[in-house]
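Chemist: This is the structure I have questions about; it appears just below.
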Amino acid sequence: MSCTAKGSELARTVEALISPGKGILAADESTGTAGKRLESVGLPNTEDNRRALRELLFTADGVEKFISGVILYEETLFQASSKGTPLTKELADRGIVPGIKVDIGTVALVGSPRELYTQGLDNLRQRCDKYYAAGARFAKWRAVITIDTAAGLPSPAGVRSAAAGLAAYAKVCQEAGLVPIVEPEVLADGPHGIDDCEAVTHEVLSVVFRELAIAKVQLETILLKPNMIVPGSKGPAATPDAVAAATLRVLRRTVPPAVPGIMFLSGGQSEEEATKHLELINKLGGSPWYVSFSYGRALQASALKAWSGDAANAAAAQAVFIQRAEANSQAALAK
Ligand code: 13P
């Protein structure tokens, strides 16, 4: 495919992903993380259980009204439904764009072992070509930033290596015809307050966009997946209005208007919190970007519980999932 043809395909994929009232379902838990989720409802971490949960979500009646894309783990990209249909076809038949997580997880950063460095750049181009051939049209790479103000974290080196990794990944994806979701997640673990999250996220996003510019990533065909500005899980609480105001303030100060969409991660917020915050951010309005969701836990938690591995509960679990997806769709529309 020529460069121009690839560029217009990237633009079409972005357009589809940011359709008004729609957001992304993150169903790309690694096998280990999927195991933790299944274990929480008493299920063993078998390939069949992982497939069954994902099939239930992807085939829920009306899912395509609220979900524009699904981020898959490599196993799911090549997996078939209980009826033998490839799961990517189940999505594509509903007009939902299949995406793929292309990072391969984190390791301790050399020189600052409490910080994490995301791996997966080796052979990334070959893997992207394989994923494109299997039907993926967008990708995700998650960089992780830890806040511990007393210990001076994040370190400048930690932020810089996270941002440089995201930029290198994004450039490779665009060359391979995959829209890169750039996800620098400032973790909410710890006792820090909302102000620390704001200051660190501001710094991280500033450095990320500097690195994207250095790597000549085309901003018009990326999506940003940031954390919202929230206090640490053991920090002093903040009101939903304060979260929304701080989140929009940081994004306005750091994210160029050329970026078409901001699709938040939920990062351990409850389902209701994640929806409420998205609604309030959109009600503040005036954003140059489409602002929506790319939630994992905040779309799946209740559905997983309702299902709990029993096929007899599948329809009820699908209804719960659709309820969450619709509520977030309304929030994306500032309703
Ligand atoms: P959460 O919404 O559960 O944070 O997951 C989104 C995601 O894709 C994290 O990488």
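Chemist: Could you run the Karplus curve 6.51 cos²θ - 1.76 cosθ + 1.60 with θ = phi - 60° over the range 58-75 and give me ³J(HN,Hα) per residue in whole Hz, x for Gly and Pro?
Modeler: With coefficients 6.51, -1.76 and 1.60, one gets 5, 9, 4, 4, x, 4, 5, 6, 10, 10, 9, x, 10, 8, 9, 8, 3, 3 Hz.
Chemist: Still on this structure, please answer the following. Compute a Gaussian network model of the chain, connecting alpha carbons closer than 10 Å, and tell me which residue from Ala136, Ala92, Ala162 fluctuates the most.
Modeler: Ala92
Chemist: Below 19 Å, Cα to Cα, which aspartates and glutamates can Lys36 reach? Residues fewer than 8 away in the same chain don't count.
Modeler: Cα-Cα hits under 19 Å: Asp28, Glu47, Asp48, Glu55, Glu74, Glu75, Asp189, Glu271, Asp310.
Chemist: In percent, how large is the relative contact order of the range 167-305, given Cα pairs closer than 8 Å and 6 or more residues apart?
Modeler: 26 percent
Chemist: Using a probe radius of 1.4 Å on heavy atoms only, what accessible surface per residue do you get for the chain? Whole Å² is fine.
Modeler: That works out to 40 Å² per residue.
Chemist: Given H placed on each backbone N at 1.01 Å, which residues far from Leu223 in sequence or on other chains put an amide H within less than 5 Å of it?
Modeler: For Leu223, whose amide H was placed from the backbone, the distant partners under 5 Å are Ile181, Val182.
Chemist: Let me check something: with ligands and nucleic acids excluded, how do Thr4, Thr146 order by accessible area (1.4 Å probe), largest to smallest?
Modeler: Of Thr4, Thr146, the descending order of accessible area is Thr4, Thr146.
Chemist: Keeping all protein chains in position, work out how much accessible area Arg253 exposes to a 1.4 Å probe, and write it in Å² to the nearest 10.
Modeler: Roll a 1.4 Å probe over it and Arg253 shows about 150 Å².
Chemist: Which of Val41, Val182, Val200 moves the most in a Gaussian network model of the chain with Cα springs under 10 Å?
Modeler: Sorting by GNM fluctuation, first place goes to Val41.
Chemist: Counting Lys and Arg as +1 and Asp and Glu as -1, each charge on the Cβ, what is the dipole of the chain about the Cα centre in debye, to the nearest 20?
Modeler: Dipole of the chain, to the nearest 20 debye: 540 debye.
Chemist: Next up: With each pseudo-label sitting 7 Å past Cα toward Cβ, what's the Ala237-Cys3 distance in nm, one decimal?
Modeler: 5.5 nm
Chemist: Out of Ile322, Ala133, Val243, whose Cα points farthest toward the positive end of the dipole of the chain (charges: +1 Lys, Arg; -1 Asp, Glu; placed on Cβ)?
Modeler: The residue sitting farthest along the positive end of the dipole is Ala133.
Chemist: Could you give the length gained on full extension between Ser40 and Leu121, defined as 0.36 nm per residue of separation minus the Cα-Cα distance, in nm?
Modeler: Gain on extension, Ser40 to Leu121, equals 25.9 nm.
Chemist: Using each residue's phi in the range 150-159, evaluate 6.51 cos²θ - 1.76 cosθ + 1.60 at θ = phi - 60° and report the 3J(HN,Hα) Karplus result to the nearest Hz, with x for Gly and Pro.
Modeler: Whole-Hz 3J(HN,Hα) from phi for the range 150-159: 4, 8, x, 10, x, 7, x, 5, x, 5.
Chemist: In addition: Considering only Gly99, Leu304, Leu53, whose Cα is most displaced toward the positive end of the charge dipole of the chain, charges sitting on Cβ of Lys, Arg (+1) and Asp, Glu (-1)?
Modeler: Towards the positive end, the residue furthest out is Gly99.
Chemist: Amide H to amide H under 5 Å from Asp148: which residues, 5+ apart in sequence or cross-chain, H placed 1.01 Å off N in plane?
Modeler: Answer set, sorted by chain and number: Leu153.
Chemist: In whole Hz, what ³J(HN,Hα) sequence does the range 248-261 give by Karplus (6.51, -1.76, 1.60; θ = phi - 60°), x for Gly and Pro?
Modeler: Along the range 248-261, the couplings run 5, 4, 5, 5, 4, 7, 10, 9, x, x, 5, 6, x, x Hz.
Chemist: Follow-up question, since we're still on this one. Among the lysines, select those whose C-alpha is under 24 Å from the C-alpha of Lys276, and discard any that sit fewer than 8 residues away in the same chain.
Modeler: The qualifying lysines are Lys22, Lys65, Lys225, Lys234, Lys305, Lys335.
Chemist: What is the range 215-309 by shape, rounded, prolate or oblate, if you read a ≥ b ≥ c off the alpha carbon gyration tensor as root eigenvalues and call it rounded for a/c under 1.5, prolate for a/b larger than b/c, and oblate otherwise?
Modeler: Cα axes put the range 215-309 in the oblate bin.
Chemist: Ok, one more. Report, to the nearest whole %, how much of the accessible area of the chain belongs to carbon and sulfur atoms, 1.4 Å probe, protein only.
Modeler: Accessible surface attributable to carbon and sulfur in the chain totals 54 percent.
Chemist: Using the beta-carbon distance between Arg12 and Lys89 and R0 = 22 Å, what value does 1/(1 + (r/R0)^6) give for FRET efficiency, to the nearest 0.05?
Modeler: Once the sixth-power term is evaluated, E becomes 0.70.
The values are calculated or read from the model by the stated rules, or taken from the named source; none is laboratory data. Quick caveat, the model's predicted, so the values are computed rather than measured. Neighbour counts run over all protein chains shown; Cβ positions are idealised from the backbone, glycine included. Remember, those area values only see protein heavy atoms, side chains included, never the ligands or the DNA or RNA. Shrake-Rupley method; radii C 1.70, N 1.55, O 1.52, S 1.80 Å.
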